[in-house]
Amino acid sequence: MNKVLIGKINAGSVFISWFGLLCFFIWLTYALITDDSTYDYTVLLTIGLTVVFGLVHFVTAFWVRCPHCNKCLTIQGFKEPHPDSSGDWGAVVFKWFSGRVVCIHCGKTVDTNGL
Ligand SMILES: [Zn+2]
């Protein structure tokens with residue numbers, strides 16, 4: 001598999017994972033408001049989406065590296081992002097499909113379609 005494709009899977013899996021989490025919290029809010037905690041497979045599906053695509057993100061993230069510093073573009077660790085970057089790893093994921101992100105480790109611009 002080529003790196004550009006892995007990068008897209010890496011970022012895309014985060015969006016799906018966030019979507020699953022969002023749906024889960026919508027259900028949770030609904031359950032708390034209505035005091036109706038009965039759930040069906042849709043709720044399990046939202047948790048499943050979050051967990052499975054969270055794992056997909058975690059695994060593929062090791063192959064998504066900055067061409068300048070060779071560090072993982074979507075793994076931040078506990079360090080503060082580089083001052084030239086536009087935010088944390090979430091911002092990198094968010095801007096991934098725009099084609100251009102700034103590395104959170106070295107602050108250089110990375111072309112996500114030319115990894
Ligand atoms: Zn870098």
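The values are calculated or read from the model by the stated rules, or taken from the named source; none is laboratory data. Only a predicted model underlies this, so the values are computations on that prediction, with no experimental measurement involved. When we count neighbours, we look across all protein chains shown, and the Cβ atoms used for this are built from the backbone with ideal geometry, even at glycine. Remember, those area values only see protein heavy atoms, side chains included, never the ligands or the DNA or RNA. Shrake-Rupley method; radii C 1.70, N 1.55, O 1.52, S 1.80 Å.
General observations
- If you sort the three axes of the alpha carbon gyration tensor as a ≥ b ≥ c, you get a/c of 1.5 or more for the range 18-70 and a/b above b/c, which makes it prolate.
- Taking Ser85, Ser13, Ser37 as the candidate residues, the one with maximal mean-square fluctuation in a Gaussian network model of the chain, Cα springs under 10 Å, is Ser37.
- Given R0 = 25 Å, the distance between the Cβ atoms of Asn70 and Phe25 translates into a calculated FRET efficiency of 0.10.
- Rounded percent of accessible protein surface that carbon and sulfur make up, the chain, 1.4 Å probe: 67
- Surface exposure of the range 3-111, expressed per residue as accessible area with a 1.4 Å probe, stands at 64 Å².
- Spin-label pair Leu5-Arg100: with each label point 7 Å from Cα along the Cα-Cβ axis, the two points sit 2.7 nm from one another.
- Rounded tilt (10° steps) of 41-60 against the dominant C-alpha axis of the chain: 20
- Spatially near lysine pairs across the chain, Cα under 19 Å, sequence gap of 8 or more or different chains: 10
- The range 3-111 - percent relative contact order, Cα under 8 Å, separation 6 or more: 26
- Remark: the Lys108-Asp35 segment gains 21.3 nm on full extension, using 0.36 nm per residue and subtracting the alpha carbon distance.
- Cα gyration tensor category, rounded, prolate or oblate, for the chain with a/c compared to 1.5: prolate
- Cα-based helix-to-principal-axis angle, 3-34 vs the chain, degrees rounded to 10: 30
- For the chain, built as a Gaussian network whose Cα springs stay under 10 Å, the top-fluctuating residue of Leu55, Leu45, Leu73: Leu45
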